[in-house]
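What follows is one structure encoded as structure tokens, with my remarks underneath.
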Amino acid sequence: MAAAAEHPSSGVAFVLGERLGRVDVSELRSRIGLSSSALAQRVPTDEVVRDLVVSAGYAVLGRWRERYEDVDYRRAIDMLESLGAEHLADRRYGTLSEGERKRVLIARALMTDPELLLLDEPAAGLDLGGREELVARLADLAGDPDAPALVLVTHHVEEIPPGFSHCMLLSEGKVVAAGLLTDVLTAENLSTAFGQAIALDVVDGRYFARRVRTRAAHRRQL
């Protein structure tokens, strides 16, 4: 719904100050950047990375018959550079690692200078190195005063980059807590959300969660 792809079945929803159902969604979508696994699966494997990124201006995947100016390609390279992926510009999408694909798709989402950037589980499927590289790049983006508003969807607190300010914690489709990140991400709230005792550590602005072994569980194991 935040991507303006659906309308609420009941109640009202606002995106970027516009009420869904009372706004031209095609115009609204042009103000939103999206990176998701669903989009990744639609990208042709033989697509050249620079064409994949620059074609976001026409809301298509890869070049067709559109004509692009040098300024468009320069911006595409700038967006790739902001994610540490400029060296991939001439590669084909199918030759990239999973981590490289994630960064390329985020660069594409930034191509149109959106007001809102939606990142749907951007670290899903990445190994440790790929995840940490992506988290570092997103932390840089979050700290950029010219960056759009960022919304990150994740199942793992370890994937939340430093610089994010607010959080909504969901469990079975219901809101457990919402507000400032430091107020929402607590061991108590996580334990409630997951139905088990969770310990939470914060190191250099990063969150790390683990299950706590209770005495009852220890006795059952013995």
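Bear in mind these aren't lab numbers, they're just calculated from the coordinates by the rules spelled out. Since this is a predicted model, take the numbers as computed values, not measurements. Because the Cβ atoms are built from the backbone with ideal geometry, glycine has one as well, and the counts that use them run over all protein chains shown.
Here the Karplus curve 6.51 cos²θ - 1.76 cosθ + 1.60, taken at θ = phi - 60°, turns the phi angles of the stretch 135-143 into couplings of 4, 5, 5, 5, 5, 4, 5, 5, x Hz, with x standing for Gly and Pro. Would you please state the base-10 log of I(q)/I(0) at q = 0.14 1/Å for the chain, with intensities from the Debye formula using one equal scatterer on every alpha carbon? So the normalised log intensities work out to -0.95. Expressed to the nearest 5 percent, the antiparallel share of DSSP beta bridges inside the stretch 95-207 is 60 percent. The orientation-averaged projection of the convex hull spanning the C-alpha atoms of the stretch 1-119 amounts to 7.8 square nanometres. Which is the longest stretch in the chain that no exposed loop site breaks, taking sites as trypsin sites (Lys or Arg not before Pro) with a DSSP loop state and at most 16 other Cβ atoms within 10 Å? Maximal segment without exposed cleavage sites: 92-212.
When shorter helices are ignored and each DSSP H run of at least 4 residues is given -39500 (n - 2.57), the per-residue value for the chain at 222 nm works out to -9000 deg cm²/dmol.
Applying 1/(1 + (r/R0)^6) with R0 = 30 Å to the Cβ-Cβ distance of residue 77 and residue 211 gives a FRET efficiency near 0.10. Using C-alpha pairs below 8 Å separated by at least 6 residues, the relative contact order for the stretch 31-164 is 30 percent. Taking every DSSP bridge with both residues inside the stretch 31-164, close to 10 percent are antiparallel. Annotation for the stretch 60-104: GluC sites (Glu not before Pro) lying in DSSP loop with at most 13 further Cβ atoms inside 10 Å of their Cβ are 66, 69. Largest GNM mean-square fluctuation among 46, 204, 90, using the chain with Cα springs under 10 Å: 204. The stretch between residue 166 and residue 149, if pulled fully straight at 0.36 nm per residue, gains 5.0 nm over its current Cα-Cα span. Choose one answer from 11, 84, 94: the residue with the largest mean-square fluctuation in a GNM of the chain with alpha-carbon springs under 10 Å. Comparing 11, 84, 94 in the GNM, the peak value goes to 11.
Across the stretch 171-180, computed HN-Hα scalar couplings (Karplus, 6.51 cos²θ - 1.76 cosθ + 1.60, θ = phi - 60°) run 9, 6, x, 10, 7, 7, 7, 8, x, 4 Hz from first to last residue, x flagging Gly and Pro.
Name the most mobile residue of 18, 172, 115, meaning the one with the largest mean-square fluctuation, in a Gaussian network model of the chain with Cα contacts below 10 Å. Per the Cα network of the chain with a 10 Å cutoff, 172 tops the list.
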